[in-house]
Amino acid sequence: MAAAAKLAVVAPGAPTTTVTFSLSSVTNITSAATAVVKEAVAPPTTGGRAEAAAAGVHVEPLHPLLRAEIVRYGELVAACYRAFDLDPRSKRYLNCKHGKRQMLRAVGMDGAGYAVTKYIYAVPDVALPMGAGRSCSRSRWIGYVAVASDGEAARLGRRDILVSFRGTVTGSEWLANFMSALASARFDPADPRPDVRVESGFLSLYTSDHFSGKFTTGSCRNQLLCEISHLVAKHKNEGISITLAGHSMGSSLALLLGYDLAELGLNSYPNGGTIPITVFSFAGPRVGNLEFKNRCDELGVKVLRVVNVNDPVMKMPGVLFNESARVLAGRYELPWSKACYAHVGVEVTLDFFEAGDIACVDDLQAYIDQLLKCTNDNPVASDSTMEEGMPRRVACMFELWRWQMAAIRAGELMQALGI
């Protein structure tokens, strides 16, 4: 496998002008990631260097504290996959194999410093063709809520509330991924903001109620808002942070939750003050339109997206209608601008590909492995383009991807035109 050819934190759509951001003075792991995200999305002040820093921030090489923070949350997301029961013969099929108290220990993360407080279940409101996969129409385990232990809270300097989401597994979830029509989120009844739109499939997964599941207690959204509100009230006399992490589809849920909490003001202390919300997105797709992105920025939701340039997931939805298709010649807003998707936050960009395993480009463990390879001694490696002598079948796979992308573009065009 070719390792990371480039590793940088950049603001999406930022100019090529960049500066190196030094983290040598950072002594706290949590502040390392926060410092980079804040620096990358902060509005420019005065002076060329400050303006360049706001345009785009490169971390060269990736600072050990920041790398450790990203890897740590990646492992906490990977725990969802390790604990997920994929045995059709099991009574816990498509749910977690372990109880809350044992889960992290059972997947080898006993020293993570978190205690799981609640499991989260979700299902999109979609109908599978010909009634296929009816078992997948029930709510399934999608992730968990955890809170930092006393020791971890002392190390971090605050009581961290963590929500971790897995990616797509069931048939209904795959179908939801391709529901690329934008729908108004309308999370705050007092101020619905109809222009803030998100992908309808992700929204359905987040908000749909289903009470026939064995462990279901309402929609994914209601479960999360209730549990996080409870934990905030419980630890109201401490410094609190809310960290949301997810892989692929799960990163979309993490971002929706972050926006939801901030829009409703649930990230506030009872006596005033704002609780910081940080989203760690691994291989995440676009979630909403530019108005959604701007609103997340206004609300102070910090998003760090770890992406692989060879991963097609990060290009969807919005393969055709995205940030670059809203304005003509940098001045004229096009008629379909409200239907264009936009990424939120800043990126940690990886570049890796394995000829023998093309699926690795979206594999969470491959992301974590690449991050671990990016040390100060080995910050970058060779280019990840196709190696000489790569089997012909891999080239054919890439050709198939091109046709799939063309089909997606055609579908998005018809959708935008109302066909």
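Peptide packing for 141-153, 239-251, 108-120 was compared via the average number of neighbouring C-beta atoms within 10 Å per residue; ordered from the highest value, the list is 239-251, 141-153, 108-120. When the alpha carbon coordinates of region 216-288 are projected onto the principal axes, the ranges are 36, 27, 17 Å, largest first. Ratio of Rg to Rh for region 173-278: 0.98 [Cα atoms; Kirkwood radius as inverse mean 1/r over pairs].
A crude spin-label estimate for the pair Asn222 and Asn294, with each label 7 Å from Cα along the Cβ direction, gives 3.4 nm.
A straight chain from Gln365 to Ala106 at 0.36 nm per residue would run longer than the Cα-Cα distance by 91.5 nm. Taking Cβ atoms as reference points and 13 Å as the exclusive limit, the residues near Ala68 contribute a net charge of +1, counting Lys and Arg as +1 and Asp and Glu as -1. Summary of packing: across the peptides 276-289, 193-206, the per-residue average of other C-beta atoms within 10 Å ranks them, highest first, as 276-289, 193-206. Sorting the segments 230-236, 341-347 by their mean number of nearby beta carbons within 10 angstrom, highest to lowest, gives 341-347, 230-236.
No value in this document is a laboratory result; all are computed from the given coordinates. As the structure is a computational prediction, the values presented were derived from the model and not from experiment. Counting neighbours? That spans all protein chains shown, and the Cβs are built from the backbone with ideal geometry, glycine included.
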